[in-house]
Amino acid sequence: MPVWTAFIDGSELPTAKRIRSARLHLNDESFGRKLLSSMPDVEILEIGVPGNSSHCIVDGSNVGHRLQSLDLRCGSIALGSLLDVLSGAPLLRSLNVCRVAEPPGVVGHYRFGVVTHPLLSSFLVSSSTTADNIALFNHITFPALQSLDVTAAADGEAHVWPLPCNNAFIRRSGCRLNQLIIRDYVIDDRITEILSSQQDLVDLQLNRPGDDTRHVGTPGRTSPSRRLRYQHSVSPLVVAFLSRETEDGLARPLPSLKRLRIAVRTLLFFTAATYMVRSRSGTFARQSGVAILEEVDLLVIRQGNCEVCVTEAEQRDMFRSFTKAGMRVSIAHQSSV
């Protein structure tokens, strides 16, 4: 499908009734008010605003009913506008937003309502504060959701995920995820409730932003890196949950899991993670009736001269063990601040 790309900086929006796919860059954020109504037939739409704009004003009440994919690359979108988009686009399947929030002085008319979208399967939020998280997930239900990708806001706060509203959203939606990606959050033990309900989950990524670390692609070889914004490993309870067996010694959580990216901190975490990964490889996986783990990406967070932290020798031993089992393995390490 041809993509129409435009830089809109005039006082008038173009009339584009036959456009199916568009990538738009708005030099004036207010143009978003009438943008969706000017493109009634668009199916795939990406909207960007200048980097210094703090808010993207989009009137979602006039969204085209053909819209299937919406990518809002802007500072934030009002919660009410987003819920209008969900209500007005019944075919929407993919939604990416930077931040969902109410602008100062605006009271959302959906503040006490919940919008259910029956077809949305992919949802990404790339910058979410605790307040945003609560407001957003209290107002949406996505029964067809398959991919959930949420990143904490880079505001210096230690945001927690999941909150009770996130667990309630998953229960209310009854969705069957195949991908769950949570970045830069303090991972609360409540996540085990969510994971317990996800029998189809294939890809799990918890606080493993690989682009910001240095990878050990082969033992002893590293490359320079930037510091992570936050350095939160998962808790021992989460690692233990992933390693858990039922009383019959066979069934395990997440029986479909094939890709795992996770951050661990101390040797205890690392040892538990090693056991968990090994239990999902080759013969062990077949005996347990779970999928064989194909890809493992571990971030080992170091704390100065910590005596219980994982050594590079231990990392190399694990690397050799898992690659011998046929897994694609990446181990990285990062010193904590």
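The values are calculated or read from the model by the stated rules, or taken from the named source; none is laboratory data. All of these numbers come straight from a predicted model, not from anything done at the bench. Glycine gets a Cβ as well: all are built from the backbone with ideal geometry, and neighbour counts include every protein chain shown. With ligands, DNA and RNA removed, areas are computed over all heavy atoms of the protein, side chains included. Shrake-Rupley method; radii C 1.70, N 1.55, O 1.52, S 1.80 Å.
What pairs come up if the first residue lies in the range 178-192 and is touching a residue at least 24 places away in the same chain (Cβ under 8 Å), the second is among the aromatic types (Phe, Trp, Tyr) and open to solvent by 10 Å² or more (accessible area, probe 1.4 Å), and their beta carbons are under 6 Å apart, counting only those six or more places apart or on different chains?
So the pair list comes out as ASP184/TYR230; THR192/PHE241.
Scan the range 158-180 residue by residue and report those that are surrounded by fewer than 21 Cβ atoms within 10 Å (Cβ to Cβ), modelled with pLDDT under 95 and in a strand (DSSP E or B).
If the condition is that a residue be surrounded by fewer than 21 Cβ atoms within 10 Å (Cβ to Cβ), modelled with pLDDT under 95 and in a strand (DSSP E or B), then VAL160 is the only one that fits.
Search the range 257-275 for residues being open to solvent by less than 10 Å² (accessible area, probe 1.4 Å) and at pLDDT 75 or above, and hand back the single one that is farthest from PHE319 (Cα to Cα).
Within the range 257-275, the match that is farthest from PHE319 (Cα to Cα) is LEU257.
Within the range 199-210, is there a residue that is of a type in the set (Gly, Ala, Ser), under 24 Å from VAL329 (Cβ atoms) and either in contact with an Asp or Glu (Cβ under 8 Å, 6 or more places away or on another chain) or surrounded by fewer than 20 Cβ atoms within 10 Å (Cβ to Cβ) (or both)? Talk me through it step by step, then tell me what you get.
Step one: of the range 199-210, the residues of a type in the set (Gly, Ala, Ser) are 210.
From the residues that got through so far, the ones that are under 24 Å from VAL329 (Cβ atoms) too are 210.
Retained after the next criterion (residues that are either in contact with an Asp or Glu (Cβ under 8 Å, 6 or more places away or on another chain) or surrounded by fewer than 20 Cβ atoms within 10 Å (Cβ to Cβ) (or both)): 210.
There is at least one residue in the range 199-210 that is of a type in the set (Gly, Ala, Ser), under 24 Å from VAL329 (Cβ atoms) and either in contact with an Asp or Glu (Cβ under 8 Å, 6 or more places away or on another chain) or surrounded by fewer than 20 Cβ atoms within 10 Å (Cβ to Cβ) (or both).
Looking only at the range 57-77, count how many residues are modelled with pLDDT under 85, open to solvent by less than 70 Å² (accessible area, probe 1.4 Å) and out of contact with any Pro (no Cβ under 6 Å at 6 or more places or on another chain).
10
Take LEU195 and decide whether it is surrounded by 15 or more Cβ atoms within 10 Å (Cβ to Cβ), at pLDDT 95 or above and hydrophobic (A, V, I, L, M, F, W, C). Before you say what the answer is, go through the steps one by one.
On the way: surrounded by 15 or more Cβ atoms within 10 Å (Cβ to Cβ): yes; at pLDDT 95 or above: no; hydrophobic (A, V, I, L, M, F, W, C): yes.
For LEU195, the condition - surrounded by 15 or more Cβ atoms within 10 Å (Cβ to Cβ), at pLDDT 95 or above and hydrophobic (A, V, I, L, M, F, W, C) - is not met.
I want to confirm something. Restricting to the range 278-302 and keeping residues that are of a type in the set (D, E, K, R) and closer than 13 Å to VAL264 by Cα, which single residue is surrounded by the fewest Cβ atoms within 10 Å (Cβ to Cβ)?
The initial filter retains those residues of the range 278-302 that are of a type in the set (D, E, K, R), namely 278, 280, 286, 294-295, 297, 302.
Of the ones still in play, those that are also closer than 13 Å to VAL264 by Cα are 297, 302.
On the way: ASP297: 19, ARG302: 17.
Result: ARG302.
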